[in-house]
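Visitor: After the structure tokens below, expect a handful of questions from me.
The values are calculated or read from the model by the stated rules, or taken from the named source; none is laboratory data. Keep in mind that what you see is a predicted model, and the values were worked out from it rather than measured. Cβ coordinates were reconstructed from backbone atoms using ideal geometry, including for glycine residues, and neighbour counts include every protein chain displayed. These accessible areas exclude ligands, DNA and RNA; they are computed on the full protein's heavy atoms, side chains included. Shrake-Rupley method; radii C 1.70, N 1.55, O 1.52, S 1.80 Å.
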Amino acid sequence: MDNDIILLDCPVCGEETDFEILKEPPEAVVKCTVCGHVMRVTLKEPRVLTVKAVVSYGNDSHTGTIDLIEGDTITVGDYLVAEVGEDSFSVEVTSIEENNARRQKLPAEKIEVLWARLVDQVIIRASLNKGAITIPLYENVEGNKVYTVDHITSVGGRQFRVTRIKLRKGNIITRKDKTAEAHEIKRIYGERS
């Protein structure tokens with residue numbers, strides 16, 4: 001184990017607490033950091049499962065892999081790290097596949113394919129209203145870039161005031177000074193100020 005501390009159920013404290021590892025696994029000796037109780041436990045390294053991942057970025061998709069820990073449950077909306085070729089990317093799970101069916105939540109060992117979208121870099125879409133004309137704008141930005149309602153921003157080289165933000169989850173933010181990160185946004189609406 002890499003750490004000197006592990007989280008276990010303490011029979012004396014009656015709850016999950018930190019234990020200091022006194023003797024290394026698999027036949028470990030551990031000591032509760034709360035009450036001092038010492039006990040022997042058999043610890044095994046969790047098995048790492050490498051699952052196929054289809055990572056989307058805009059209109060492009062690339063096949064890669066995501067490492068999961070056996071026993072973990074993965075849910076749509078979880079953030080994981082995908083390996084595509086030699087590169088690693090932060091992604092959001094958009095769908096989980098088992099037996100050619102899509103699921104919202106599954107234990108890691110049942111997952112055949114994870115469908116995900118890149119959140120390190122995202123393509124932000126904006127609609128700029130200029131009188132009766134709406135101009136579509138696109139720009140590649142960092143996934144954690146923040147946009148704020150009623151503030152001036154620029155997308156695709158055009159500056160405008162944000163009037164509302166539509167989120168991927170379907171909500172629309174309209175209240176002044178409310179914010180959202182680029183990876184959460186489906187579209188920004190704005191007016192030329």
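Visitor: Could you grab me the full set of residues in segment 55-78 that are under 19 Å from residue 121 (Cα atoms), in a strand (DSSP E or B) and either of a type in the set (D, E, K, R) or modelled with pLDDT under 90 (or both)?
Guide: Those that are under 19 Å from residue 121 (Cα atoms), in a strand (DSSP E or B) and either of a type in the set (D, E, K, R) or modelled with pLDDT under 90 (or both): 57, 60.
Visitor: If you don't mind, another one. Going through 154, 127 one at a time, which residue ends up being more than 24 Å from the chain's Cα centre (by Cα) and in contact (Cβ under 8 Å) with a residue 24 or more places away in the chain?
Guide: Only one candidate passes the filter, namely 127.
Visitor: Okay, moving on. Filter segment 127-139 down to the residues that are open to solvent by 90 Å² or more (accessible area, probe 1.4 Å) and in a strand (DSSP E or B), then identify the one that is farthest from residue 157 (Cα to Cα).
Guide: Step by step, filter segment 127-139, then rank; the result is 133.
Visitor: Say whether the condition of being closer than 30 Å to residue 186 by Cβ and open to solvent by 60 Å² or more (accessible area, probe 1.4 Å) is met by at least one residue in segment 26-33.
Guide: no
Visitor: Another question, if that's okay. Could you check segment 34-63 and list, in sequence order, the residues that are open to solvent by less than 30 Å² (accessible area, probe 1.4 Å) and in contact with a Ser or Thr (Cβ under 9 Å, 6 or more places away or on another chain)?
Guide: 51, 53, 54, 55
Visitor: Answer with yes or no whether residue 93 is in contact (Cβ under 8 Å) with a residue 40 or more places away in the chain, in a strand (DSSP E or B), within 16 Å of the chain's Cα centre (by Cα) and surrounded by 13 or more Cβ atoms within 10 Å (Cβ to Cβ).
Guide: Considered against the rule, which asks whether it is in contact (Cβ under 8 Å) with a residue 40 or more places away in the chain, in a strand (DSSP E or B), within 16 Å of the chain's Cα centre (by Cα) and surrounded by 13 or more Cβ atoms within 10 Å (Cβ to Cβ), residue 93 comes out as no.
Visitor: Moving on to the next point. Among the residues of segment 157-193, which ones are open to solvent by 30 Å² or more (accessible area, probe 1.4 Å), in contact (Cβ under 8 Å) with a residue 40 or more places away in the chain and either outside any loop (DSSP other than H, G, I, E, B) or in contact with an Asp or Glu (Cβ under 9 Å, 6 or more places away or on another chain) (or both)?
Guide: Of everything in segment 157-193, those that are open to solvent by 30 Å² or more (accessible area, probe 1.4 Å), in contact (Cβ under 8 Å) with a residue 40 or more places away in the chain and either outside any loop (DSSP other than H, G, I, E, B) or in contact with an Asp or Glu (Cβ under 9 Å, 6 or more places away or on another chain) (or both) turn out to be 186, 187, 189, 191.
Visitor: Going through segment 1-25 one residue at a time, which ones are outside any strand (DSSP E or B) and exposed (fewer than 10 other Cβ atoms within 10 Å of the Cβ)?
Guide: 2, 3, 14
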